[in-house]
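Please treat every number below as a calculation from the coordinates, not as lab data. Just so it is clear, the structure is predicted and the values come from calculations on it, not from any experiment. All Cβ positions, glycine included, derive from the backbone under ideal geometry; neighbour counts span all protein chains shown.
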Amino acid sequence: MFSRKPATQLEPQAALPGRDEPIEVEADHVVLGNPIVGPWPDGLESISFGMGCFWGAERIFWKIPGVYTTAVGYQGGYTKNPNYREVCTGQTGHAEVALVVYDPNQVELDTLLKEFWEQHDPTTLNRQGNDVGTQYRSAIYPTTPNQRAIAAASLARYQEKLTAQGYGAITTEITDASEAGPFYYAEDYHQGYLHKNPGGYCNHGYCQVTYA
C-alpha cells in the first residue's frame, strides 16, 4: 500500500481509502489557549496555507497579533481522514497545511499573505528545500470570495517582484476550500509541534524577496 511518492498529483481513483473516524486532537491551542476546532466565534474568518512542512508554517502564523488560533492538517486531497504516514506517501493527494483563524478587524489578510509569500519558496513545484513530494506543494485554500480575490491579487503582485529579481514563476495553487475538500486535523503531536519541541525541524525563513 505504501510506495514511492508520485512526482505529480494522483488521480482520485488512485487514492488510499481512508476511514470514517477523524483524528482526535486536544481542544485548545498550546500557545494561544483558544480552541483549535470550530465553530469559530462570530466575525472570525479561516484560511489554509500550504508552504512545505506544516510545523514551521503554523508557528509563523500563531505569532501574528489578531490570529485567534491555528492548527495543522491535510487538505486538497481525496482520502478521508488520512493519517501522517499515508499523506507522506503522496497517495492521499493532500498538502500539509496550516489552518489560520483570524479576526479581520485586527489583522488584514494581506498581512498573513506577506508571511506566506516571504517565508517559503513558491516557485518550487512540490518541494521546499529537501522536502520533496506533492504534500509539500505551495497552496492557498480561501473560504470566502473576498479572500480568494485578495490572494489572487497578492500572487500577481509577488510575481512581479520575483520576476524583477530574476526568479521563476510561482507554482502556488489557489483553490476555494469548498473545492479543495475538508481540512483534516493532523495527529495531536503535530499540533503546536515547535512549541512542544523548540529545537525541532523547521525549513522556513525569509526567501530573499520582500512582499511589501
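What the table shows:
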{"read-out": "Over the chain, volume per residue of the alpha carbon convex hull, in Å³", "value": "121"}
{"read-out": "Region 1-81: projected area of the alpha-carbon convex hull, averaged over directions, in nm²", "value": "7.1"}
{"read-out": "Burial ranking of peptide ranges 144-156, 125-137 (average Cβ count within 10 Å, highest at the top)", "value": "125-137, 144-156"}
{"read-out": "Unit charges on C-beta of K, R, D, E only; dipole of the chain, Debye", "value": "660"}
{"read-out": "Relative contact order of region 41-196, pairs being alpha-carbon contacts under 8 Å that are 6 or more residues apart, as %", "value": "33"}
{"read-out": "Positive dipole terminus of region 1-155, leading residue within Q147, F116, P65 (C-beta point charges)", "value": "F116"}
{"read-out": "Estimated distance in nm for a label pair at T210 and D20, the labels positioned 7 Å out from Cα along Cα-to-Cβ", "value": "5.5"}
{"read-out": "FRET efficiency, 1/(1 + (r/R0)^6) with R0 22 Å, evaluated for E11 and V132 via beta carbons", "value": "0.60"}
{"read-out": "Equivalent ellipsoid semi-axes, region 66-181, via Cα gyration tensor eigenvalues times 5, rooted, Å", "value": "23, 20, 12"}
{"read-out": "Count of lysine pairs in the chain with Cα separation under 21 Å (8 or more residues apart, or interchain)", "value": "4"}
